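Taking it in order: structure first as structure tokens, then the write-up.
The values are calculated or read from the model by the stated rules, or taken from the named source; none is laboratory data. All of these numbers come straight from a predicted model, not from anything done at the bench. We place every Cβ from the backbone using ideal geometry, glycine too, and count neighbours over all the protein chains shown. Quick note on the areas: whole protein, heavy atoms, side chains included, nothing else; ligands and nucleic acids left out. Shrake-Rupley method; radii C 1.70, N 1.55, O 1.52, S 1.80 Å.
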Amino acid sequence: MQAVIMAGGFGTRLRPITCNIPKPMAPIANEPMLCHIINLLKQHNFHDLTMLLYYQPEVISQYFGDGKKFGVNINYLRPDGDLGTAGSVKFAQKLIKDTFLVISGDVLTDFDLTQALEFHKRKKSIATMVLTRVPNPLQFGVVITDKHGKIEKFLEKPSWGEVFSDSINTGIYVLDPKVFDYIPADKDFDFSKELFPLLLKEKKPLYGYIADGYWKDIGSHDEYRHAHYDILDGVVKIETKGKKLKIGGNEITVGEGVEIGKDVSVDSNAILGDNVIIKDGAKISRTVIGSNTIIGEGAEVLGSILWDNVSIGNEARLKENVIGRSTTIGDRSVIQVGTVISDECSIGGDVVIKTNLRIWPNKIVESGAVLSSSLVWGEKWNKALFNATGITGLANVEITPEFAAKIGSAYGAFIGKGSYILTTRDTHRVSRMIKRGLISGLLSAGVKVGDLSNAPIPVARYQIGNEGEAGGIHVRQSPLDAKMIDIKFFNSKGRDISLKQEKSIEQLFYREDFKRADIKDIGEIVVPPRAIDYYRTGYLNTIKKDIIRNSNQKLVIDYANSSATMIFPAILGELDIEVVALNAFVTSRESKTKSTEEFQNSLLQLSNIVTTLESNAGFLIDSGAEKLFFVDEKGRIMHNDLAMFVVTYLVLKTNANKNATIAVPVYASSVIDTLAKKFKVKVKRTGTTPKSIMDAAAQEDVIFVGDSQGGFIFPQFQASFDAMFAIGKVIEMLAELKMSLSNIEKQIPPLLVLHKAVACPWDKKGQAMRQAIEYSKDKKAELIDGVKIYLPDNKWVLMSPDPDDAFFHIWAEAKKPAEAKTIIDSYAKLVKKWQE
């Protein structure tokens with residue numbers, strides 16, 4: 001049987017231990033990962049192997065040769081460029097004679113490949129994806145099959161709202177040679193993104209085989225260690241070299257020539273390579289030790305992976321570390337939890353190396369030093385880099401100037417030398433500090449920076465692209481937590497960057513060796529001279545000025561100390577609107593974050609002033625000038641759902657019979673559909689994240705998007721949230737229709753959408769989503785974001801996992817509050833049950 005092994009990986013996420021070798025050659029239980037893959041293939045009668053190489057190909061080809069020493073025959077191919085996963089396999093077409101298997105060379109698995117092959121042949125499939133179930137499917141392609149195994153739907157690296165199963169694509173495929181007819185030659189072509197969608201579209205037999213057994217994508221240092229723990233615990237079935245030896249009642253595996261001194265303690269399983277020396281009084285626990293390694297007297301090595309030729313000094317202490325080849329650690333040195341030290345490093349005596357650091361090859365740490373930061377770029381970020389709002393972390397704790405500089409360098413490397421990036425911030429001092437760190441990183445990558453200082457987010461978004469900007473960054477104090485900082489990234493059109501772009505930046509950030517610009521190519525800082533003029537001119541050219549000027553509007557606006565106060569008063573003056581402004585000054589000391597109580601007090605104050613001054617309306621702008629909150633002319637505070645319906649009604653009535661389209665989130669009330677039908681306007685449903693909502697606004701036929709959380713988008717001006725333009729547009733439509741906010745409220749049917757959050761651990765979200773999909777199969781349902789099930793009598797329920805926190809959102813709509821509550825409670829119980 002034939003198999004193709006994808007062995008071109010850089011090992012970016014495993015650096016620095018993969019600086020000197022391709023990832024498939026990183027040792028697992030003292031053998032390269034590729035050895036375990038070859039042993040598995042050989043076990044299932046795959047002897048004719050083709051390896052696709054790319055990064056450091058000679059390291060692999062020299063080690064394995066023609067394969068005869070390993071009981072197989074190996075051919076090597078190296079495409080000239082990056083052809084993608086399917087394109088690379090197409091490159092091997094001339095060597096393929098019959099049904100063949102594709103497998104990655106950098107995973108650890110004991111799947112029964114014979115069973116997968118038999119399933120493929122039994123189903124007469126053109127392509128069979130080998131699947132497994134995992135607790136957190138975010139980093140993989142999720143797949144759903146029918147009861148016969150036929151693939152119905154799949155999505156590569158989804159967000160939580162798109163996770164419709166915990167069955168994931170393992171990157172192992174059984175393929176018929178006919179599949180080559182659908183792969184173009186010498187072109188970047190991916191299995192998951194191009195080939196499989198094409199086969200589904202062509203209605204070709206595409207199946208998924210859910211395999212039993214062990215599978216791990218070794219994509220991080222923690223996963224690398226845990227793969228070894230699974231081997232030691234017998235969770236995965238692989239061959240390990242050596243003989244069994246009992247020490248103190250515990251059985252360990254040892255190679256040839258091993259020397260173990262007196263009073264050595266082994267309190268858990270371990271694997272020792274050839275010629276290992278463990279001196280008197282040492283303690284070893286749950287550890288894998290490479291060949292020719294020496295453990296000094298009284299040393300402790302716990303839960304660690306040591307490569308070949310390592311020397312650990314007397315009384316040194318290591319816990320949960322990875323130590324690269326030929327590294328020396330001096331006497332009495334302490335390497336704390338999670339630290340990774342690469343090849344040929346020299347760590348002196350009495351050194352303390354703090355937790356979770358990364359030390360790259362050939363580094364020297366002098367005796368007595370205390371190392372608290374990595375020796376390349378700094379401490380590695382310990383959680384997912386991006387969330388729904390960008391990058392968020394504790395100000396000056398997680399997001400520090402050093403961290404910001406590194407992010408700026410990674411983003412600059414992604415954008416490319418010579419590109420132009422706009423940077424803005426809110427008015428808080430911590431935002432200014434972090435933005436300056438980001439700018440330093442961008443300049444070091446050779447990026448030109450347009451620094452707009454403090455500016456509202458809509459102004460920044462509108463500016464991007466006017467003068468050739470390739471993207472932008474905005475730094476702000478989080479509107480949700482005063483201790484947190486948000487770093488938002490914009491693409492060349494001023495919208496949030498895509499998930500794919502986020503992952504590319506994250507990969508560069510974790511790689512930690514991105515290229516810096518030569519001194520002659522360091523970027524420059526400029527001040528965009530016309531950004532505010534662009535925004536003001538665009539605003540006034542888009543709005544119907546005469547209608548507003550003739551309406552004699554009187555408004556109360558709470559600016560919430562935002563930078564909107566630096567631009568919006570002049571625009572309102574051009575429109576002849578009489579305004580009473582509250583909190584219309586900026587300060588670098590005041591918090592931009594309001595507690596729930598402070599926010600409600602601001603709305604109550606706004607309400608009182610509106611009624612006292614007999615104004616037409618009151619508006620509260622959030623600190624980023626993206627979200628808007630309403631008070632009607634009678635002083636009634638309009639909750640967010642009602643405000644969205646009022647604005648939607650205005651849009652529908654002013655665009656009736658114009659073949660227009662609006663977009664609203666999947667959780668918005670069906671009342672919108674009823675209203676839209678009345679005015680002959682189409683409705684599109686979007687996902688629940690800001691990114692998906694703004695993506696909908698960018699579609700050509702959409703004239704309005706609202707998010708039920710204070711966000712309003714009018715794409716004819718810009719396809720992103722803008723509270724300032726929303727105020728102008730609402731006033732324009734009220735004037736055009738000669739209506740007031742309270743008049744429109746009377747036109748809106750009662751809104752009975754209820755919401756509840758149900759706790760759900762991260763490792764149970766995929767399982768719960770899979771169960772929800774299964775539950776919905778015989779029901780009217782849609783999978784835009786989460787699972788929405790339509791119930792009788794115009795009721796519905798939506799279940800969607802939160803992208804950033806450990807819970808599920810449940811929304812339900814019914815004619816009566818009690819009915820909606822019953823639905824929510826019922827489905828909350830189901831979500832909890834599905835976690836079991």
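Is it true that some residue in segment 151-159 is over 27 Å from PRO665 (Cα atoms), modelled with pLDDT of 80 or more and charged (D, E, K, R)? No, the conditions are met nowhere in segment 151-159. Residues in segment 783-819 that are surrounded by 22 or more Cβ atoms within 10 Å (Cβ to Cβ) and small (Gly, Ala, Ser): GLY786, SER800, ALA812.
Restricted to segment 23-123, the set of strands (runs of 3 or more DSSP E) holding at least 1 residues that are farther than 18 Å from GLU239 by Cα, open to solvent by 50 Å² or more (accessible area, probe 1.4 Å) and without any contact (Cβ under 8 Å) to a residue 40 or more places away in the chain comprises 73-77. Within segment 223-236, residues that are at negative phi and without any contact (Cβ under 8 Å) to a residue 12 or more places away in the chain reach no partner that is surrounded by 20 or more Cβ atoms within 10 Å (Cβ to Cβ) and of a type in the set (Ser, Thr, Tyr) with beta carbons closer than 9 Å at six or more positions or on different chains. Within segment 669-717, the set of residues being assigned to a loop (DSSP other than H, G, I, E, B) and either open to solvent by 50 Å² or more (accessible area, probe 1.4 Å) or on the phi > 0 side of the Ramachandran plot (or both) comprises LYS680, GLN699, GLU700, ASP701, SER708, GLN709, GLY710, GLN716. Looking only at residues in segment 27-84 that are closer than 19 Å to VAL107 by Cβ and aromatic (Phe, Trp, Tyr), the one that is farthest from the chain's Cα centre (by Cα) is PHE70. Does segment 206-214 contain any residue that is in contact with a helix residue (DSSP H, G or I) (Cβ under 8 Å, 6 or more places away or on another chain), at pLDDT 90 or above, farther than 18 Å from GLY141 by Cα and surrounded by 15 or more Cβ atoms within 10 Å (Cβ to Cβ)? No - not one qualifying residue is present in segment 206-214. Scanning segment 620-634 for residues that are outside any strand (DSSP E or B) and open to solvent by 10 Å² or more (accessible area, probe 1.4 Å) yields a total of 5. Mind checking which residues of segment 780-825 are touching a residue at least 12 places away in the same chain (Cβ under 8 Å), in contact with a Leu (Cβ under 9 Å, 6 or more places away or on another chain) and basic (Lys, Arg)? Scanning segment 780-825 gives LYS788, LYS815, LYS816, LYS821. Here segment 137-150 is the region considered, the condition is being under 21 Å from SER104 (Cα atoms) and surrounded by 17 or more Cβ atoms within 10 Å (Cβ to Cβ), and the residue that is modelled with the highest pLDDT is VAL143.
Restricted to segment 549-572, and to residues there that are open to solvent by 10 Å² or more (accessible area, probe 1.4 Å) and of a type in the set (Ser, Thr, Tyr), the residue that is farthest from the chain's Cα centre (by Cα) is SER551. Of all residues in segment 386-393, at least one satisfies being closer than 13 Å to PHE509 by Cα, assigned to a loop (DSSP other than H, G, I, E, B) and touching a residue at least 40 places away in the same chain (Cβ under 8 Å). Tell me yes or no: at least one residue of segment 580-597 is open to solvent by 50 Å² or more (accessible area, probe 1.4 Å), part of a strand (DSSP E or B) and without any contact (Cβ under 8 Å) to a residue 60 or more places away in the chain. Yes, segment 580-597 has at least one match.
Looking across segment 394-421, the residues that are under 26 Å from GLU467 (Cα atoms) and not in a helix (DSSP H, G or I) come down to GLY416, LYS417, GLY418, SER419, TYR420, ILE421. In segment 243-258, of all residues being in a strand (DSSP E or B) and more than 15 Å from ILE295 (Cβ to Cβ), the one that is most open to solvent (accessible area, probe 1.4 Å) corresponds to LYS246.
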